[in-house]
1. Among the lysines, which have Cα under 22 Å from the Cα of residue 20 when same-chain residues fewer than 8 positions away are ignored?
2. At 0.36 nm per residue, minus the direct Cα-Cα distance, what do residue 147 and residue 98 gain on full extension? Give it in nm, one decimal, please.
3. Give me the aspartates and glutamates in straight-line cross-link reach of residue 77: C-alpha distance below 18 Å, same-chain residues under 8 apart excluded.
4. Quick one: compute a quarter of the convex hull surface over the Cα atoms of the chain and quote it in nm².
5. Considering only protein heavy atoms, what per residue accessible area in square angstrom results for region 78-150 with a 1.4 angstrom probe?
6. Using protein chains only and a probe of 1.4 angstrom, how many square angstrom of residue 78 are accessible, to the nearest 10?
7. Can you compute the modelled spin-label distance between residue 37 and residue 110, with each label point 7 Å from Cα toward Cβ, in nm?
8. What ranking of 22, 115 comes out by heavy-atom accessible area, probe 1.4 Å, highest first?
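The values are calculated or read from the model by the stated rules, or taken from the named source; none is laboratory data. Everything numeric here is computed off the predicted structure, so don't read it as measured data. Backbone-built Cβ (ideal geometry, glycine too); neighbour counts: all protein chains shown. Surface areas here come from the heavy atoms of the whole protein model, side chains and all, with no ligands, DNA or RNA. Shrake-Rupley method; radii C 1.70, N 1.55, O 1.52, S 1.80 Å.
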Amino acid sequence: MKIAIGSDHGGYGLKELIKKHLQEKGFDIKDFGTDSTTSTDYPDFARAVGEAVVAEEFDRGILVCGTGIGISIAANKVPGVRCALVGDCFSAKATRQHNNANIIALGERVVGPGLALEIVDTWLGAEFEGGRHQNRIDKITEIERKYSNL
C-alpha cells in the first residue's frame, strides 16, 4: 500500500514517528513535508497530500498538525478527499468502514505517540464496508460536486 504523509511544523515529530513505523512495516511512503519544526503553513501540505491521494498516486494519506483540525479542514477542500480527524481507535476503524476516509488527520499536541501508532494501524487495517454506506458516500459526493462545479 502506498501512503502519502505530510505535516506542518506542529506535527513534524509525530509525522516522523509514523513514517518510520510504517516504513518498518513495509509500506511505501512518500513524505510531502515539512522537514523541520520551522514554522510552515498546514494548507500547503494538506493540499499536496490531498491532490496526490485523489489522483490515485497513493492509496491513502496521513496528515499531522498541532491539533489535526486545521490540516483536516484544508484537506477536505480538495474535491474527492474524505479526511477524518481521528483521536481514538474506534473512530479510526469506523471512518474507514462507514465513511471510506482516504486520509486521516492527527494532532501531535493532542494524541500521544503510542496511541497515534495504534490509530494509524487500525485505520490502515480497516476496509470500507460499502452497502448502505455507499449511498451516503454518494450523497457526500453530490454535495461536493454542487459546490465545486465538478
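1. Partners within reach: 2, 30, 93.
2. Gain in length upon complete extension: 15.3 nm.
3. Cα-Cα hits under 18 Å: 8, 41, 44, 51, 56, 138, 142, 144.
4. Values: hull surface 32.2 nm².
Here the figure is 8.1 nm², rounded to one decimal.
5. Values: 4000 Å² over 73 residues.
Accessible surface, normalised per residue, equals 55 Å².
6. Spelled out: residue 78, probe radius 1.4 Å, area about 20 Å².
7. 2.1 nm
8. Numbers: 22 0, 115 70 Å².
Largest to smallest exposure gives the sequence 115, 22.
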